1. Between Ile166, Leu30, Val87, whose Cα lies farthest towards the positive end of the dipole of the chain when Lys and Arg beta carbons carry +1 and Asp and Glu beta carbons carry -1, centred on the Cα centre?
2. Does anything in the stretch 102-145 have its amide N under 18 Å from the 7 Å Cα→Cβ label point of Ser176, and if so which residues?
3. Please turn the phi angles of the stretch 99-109 into ³J(HN,Hα) values with the Karplus equation 6.51 cos²θ - 1.76 cosθ + 1.60 (θ = phi - 60°), one per residue in order, whole Hz, x for glycine and proline.
4. Return the whole-Å distance between the Cα centroid of the stretch 70-114 and the Cα centroid of the stretch 11-55.
5. Rounded to the nearest 500, what is the chain's calculated 222 nm mean residue ellipticity when only DSSP H runs of at least 4 contribute -39500 (n - 2.57) each, over all residues?
6. Which pairs, out of Lys171/Lys290; Lys2/Lys88; Lys61/Lys290, put more than 30 Å between their alpha-carbon atoms?
7. Give the distance, in whole Å, between the Cα centre of the stretch 232-278 and the Cα centre of the stretch 146-162.
8. Of all DSSP beta bridges located in the chain, what percent are antiparallel, nearest 5?
Amino acid sequence: MKPAAFDYLRPSNVEEACQLLMEYGEEGKLIAGGQSLLPILNMRLSTPECLIDISGLQELKYIGSDGEWLNIGALTRQRDVERSALVKEKAPLLSEALPFIGHMQTRNRGTFGGSLVHADPTAEIPLSLLALNASVVIQSVEEAREVELNDFFITYLTTDIMPGEILREVKIPVGSIPMGYSFQEYSRKHGDFALVAAACVLDTDEQNRITGVRLTLGGVDAVPVLAADAADLLIGEKLTDTLLQEASRAASAHVDPEGDLHASREYRLHLAQVFAAKVMETAYNRAVAKGGTACSR
């Protein structure tokens, strides 16, 4: 199928884009990379009156850091983030996660902020940014407001962005960069949506005890899940096989995946436990290796 007829507008700045969103309301949709929106339009799951093309807004295309934050403009191409030396230095979890997104052609067109706003619970960018404790800057005609990612995802494909607002920037705290990190996912073949994905950032002290950890799971609920109960079990401990299994069970205990033609609920729960263990172990070994000897199990 092809999209229903629509008007096409191309604002010259963020303020104009916000004004157009206010004017058209639910009948206006933003388009930048189009990797998520175009299939929806082609299947006529959405029939907006107007597409507002913001792909030309250069003010939203950048990667920078002031030492405390890594700042990524919403319209920065995913491939640019993937290849960025600054991102690899400041947030290597992102550099590890982005190659899992579709194919190179997808990442050449897809925008960093577009994936975040689409809020697919299996998507790599939302999951990684939640693990990194990121915040977003949301712009309207009147003001800009900052929202922590913990509060950004509301439910399936729904975020805290209100009518007339646009995602402007992603902010990742990098003042104290976690030593250990890992992103892993399982899909039927490369480029497919993940059945389950997991991300972890982790720090250890000189005695190899875990001092900080954030573990996130995707594909197991309506939104990306921060597995706080599992993280609590690890603080102050050295990672052992017994502790790893206990934490991975805790990570999968409070998720609510749905079964579909690709995987049953039970299989997704199993994968959640398996991949939670994988990323925690990898992140721990990386952290310990930077401080001395690697963990052996």
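The values are calculated or read from the model by the stated rules, or taken from the named source; none is laboratory data. Source: prediction; values computed, not measured. Here Cβ is always computed from backbone atoms with ideal geometry, including for glycine, and neighbour counts include all displayed protein chains. We work out accessible area using only protein heavy atoms, side chains counted, and drop any ligands, DNA or RNA first. Shrake-Rupley method; radii C 1.70, N 1.55, O 1.52, S 1.80 Å.
1. Val87
2. 131-135
3. x, 6, 6, x, 10, 4, 4, 4, 6, 5, 9
4. Computed from Cα coordinates, the inter-centre distance equals 22 Å.
5. -10000 deg cm²/dmol
6. Long pairs (Cα-Cα over 30 Å): Lys2/Lys88; Lys61/Lys290.
7. Cα centres, the stretch 232-278 to the stretch 146-162: 24 Å.
8. Antiparallel bridges: around 85 percent, rounded to the nearest 5.
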